[in-house]
Amino acid sequence: MVAIHQPGDTLLHRLPVGPKLAGLGALSLTIVLVRSAPASLLFLAVALGLALLARVRLPLLLTAARGVLLIALVASLVQGLFYGAGKAVETFVDLLALTLAAVVVTATTPVNAMLDALVRWSGPLRHVGVPPERVALTVGLAVQALPGTVALALETRDAARARGLGRHPRAYLTPFVVRVVARAHETGDALAARGLGDD
Amino acid sequence: MPVLELHAAAVTVDTTDGERVVLHPTTLRLTERRVAVIGANGSGKSTLARLFNGLVEPTSGRVVVDGLDVAREAGAVRRRVGFCFTDPAAQLVMPTCVEDVELSLRRHERNGAQRRARALEVLERYGLGQHADVSVHALSGGQKQLLALAGVLAAEPAVLVADEPTTLLDLANTRRVGDLLLGLDQQLLLVTHDLDLAARCDRVVVVEDARVRYDGPAEAGVADYVASVAERS
């Protein structure tokens, strides 16, 4: 979850954000549209090749793959039940290839470069009253809110355990929600204090 | 030095039990380089500090920074007044250290490469150079607070308001952050429970029950606060 970006100087690191995202989009579409099990193995090989090219650390790849494993297994089981084993393999391998390709892009692109690109692309929206800087900031915040929220969840659960409140959902859900909202207020204050979103 | 002024500024909040006064009408004029605000938990010192960059708006009276009315020109005031929070976790909003500093520099530097170079310079200045690409979640509490300060100071404000910046830190980091704050060229308004730090300031304001109880030289201010606690217990 936490900061997937991996600094480096490979070809993929130096590639501008636009072509990289366009490439990811094209690859994803191809993976989804081409329906054959052998082709999906080829796509997985391509994704792995990209990961090698970008020198993405193995643990990062494994963590990302593990995250999607359960969903991929369930999806391919369902597909297998209805359409047979070939389809099951294809679904599983496709999902894995998609995940790896996405991880490669995330690992080679700093969030600020992504934000800069978003600001550029949402420039035309300025004419309909949407400030591009704010669009970029919102996306950046959403990305960053995840690890923070996970940390809050763990803390709240520990606090409930320490008081012997055990596993009752109410014992940690209520304080968790209260703390997430409080954190949101604090973050809002911090952004305002840094003058972000004023212009 | 910038001039921070309160003109009969008061803050009240509506609660279910009726109105509660967080700050009685207060008039202050702060021109010293380093001003400390001390007082008990819930006395209103944090509210007083937050008035100066518009995080809290006065329900009556006026707040003026360098001739700018905070209510009317909030944006201009915030560019002039930086704010540092107790808990740096709420303040750090980007994944890595250098990116968080870059976020502060977005307004000053449109060019991505130059912005990164400036952010790296800032990190170097605050001793975080080797942590540039490290996740902000992987830093220690002291490093997080240093990074939060670096992020605020990168925008080069004329005034820094710090709300209990050392409360969560260990002794070594308290000294480090304290020395950094007191050594700044900027005007500093420091809300703190660290009386040693307060005593090193040029002026101390003691807040008690939503009122300014004492305002004057630092040593005497700290003594007054200690005496007020002894009276009550």
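Out of B:Ser43, B:Ser104, B:Ser60, I need the residue that is away from chain A (no Cβ under 13 Å), surrounded by 20 or more Cβ atoms within 10 Å (Cβ to Cβ) and more than 13 Å from the chain's Cα centre (by Cα). Which one?
Details: B:Ser104 fails: away from chain A (no Cβ under 13 Å); B:Ser60 fails: surrounded by 20 or more Cβ atoms within 10 Å (Cβ to Cβ).
Exactly one residue qualifies, and that residue is B:Ser43.
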Requested in this report: Can you tell me which residue among A:Arg120, A:Arg126 is over 17 Å from the mean Cα position of the chain (by Cα), within 12 Å of another protein chain (Cβ to nearest Cβ) and of a type in the set (D, E, K, R)?
Outcome: A:Arg120
Query raised in the report: Which of the following residues is within 12 Å of chain B (Cβ to nearest Cβ), among the basic types (Lys, Arg) and touching a Gly at 6+ places or on another chain (Cβ under 7 Å): A:Arg179, A:Arg134?
Result: A:Arg134
**Report entry** Count of residues meeting criterion [surrounded by fewer than 19 Cβ atoms within 10 Å (Cβ to Cβ) and in contact with a Leu (Cβ under 8 Å, 6 or more places away or on another chain)] in the stretch A:111-128
**Finding:** 1
**Report entry** Residue tally, condition of a type in the set (Ser, Thr, Tyr) and outside any strand (DSSP E or B), over the stretch B:91-140
**Finding:** 3
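If you check A:Leu173 against the conditions, is it in a helix (DSSP H, G or I), more than 9 Å from chain B (Cβ to nearest Cβ) and under 23 Å from the mean Cα position of the chain (by Cα)? Break it down into steps so the answer makes sense when it comes.
Numbers: in a helix (DSSP H, G or I): yes; more than 9 Å from chain B (Cβ to nearest Cβ): yes; under 23 Å from the mean Cα position of the chain (by Cα): no.
It is false that A:Leu173 is in a helix (DSSP H, G or I), more than 9 Å from chain B (Cβ to nearest Cβ) and under 23 Å from the mean Cα position of the chain (by Cα).
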Query raised in the report: Is there a residue in the stretch A:98-108 that is within 14 Å of chain B (Cβ to nearest Cβ), of a type outside the set (Val, Ile, Thr), in contact (Cβ under 8 Å) with a residue 24 or more places away in the chain and within 22 Å of B:Thr96 (Cα to Cα)?
Result: yes
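Condition check: at pLDDT 90 or above, more than 17 Å from the chain's Cα centre (by Cα) and farther than 22 Å from B:Val204 by Cα. Does B:Leu68 satisfy that? Give the derivation first.
Details: at pLDDT 90 or above: yes; more than 17 Å from the chain's Cα centre (by Cα): yes; farther than 22 Å from B:Val204 by Cα: yes.
Spelling it out, B:Leu68 is indeed at pLDDT 90 or above, more than 17 Å from the chain's Cα centre (by Cα) and farther than 22 Å from B:Val204 by Cα.
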Report summary line: When the stretch B:66-84 is checked residue by residue, the ones that are within 7 Å of chain A (Cβ to nearest Cβ) and surrounded by fewer than 22 Cβ atoms within 10 Å (Cβ to Cβ) are B:Gly75, B:Arg79
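Between B:Leu184, B:Leu169, B:Leu189, B:Leu153, which is under 17 Å from the mean Cα position of the chain (by Cα), within 18 Å of B:Phe83 (Cβ to Cβ) and in a helix (DSSP H, G or I)? Outline the logic, then answer.
On the way: B:Leu184 fails: in a helix (DSSP H, G or I); B:Leu169 fails: in a helix (DSSP H, G or I); B:Leu189 fails: in a helix (DSSP H, G or I).
Among B:Leu184, B:Leu169, B:Leu189, B:Leu153, only B:Leu153 is under 17 Å from the mean Cα position of the chain (by Cα), within 18 Å of B:Phe83 (Cβ to Cβ) and in a helix (DSSP H, G or I).
The values are calculated or read from the model by the stated rules, or taken from the named source; none is laboratory data. This one's a predicted model, so the numbers in the text were calculated from it and none came from an experiment. As a convention, Cβ positions derive from the backbone with ideal geometry for all residues, glycine included, and neighbour counts pool all protein chains shown.
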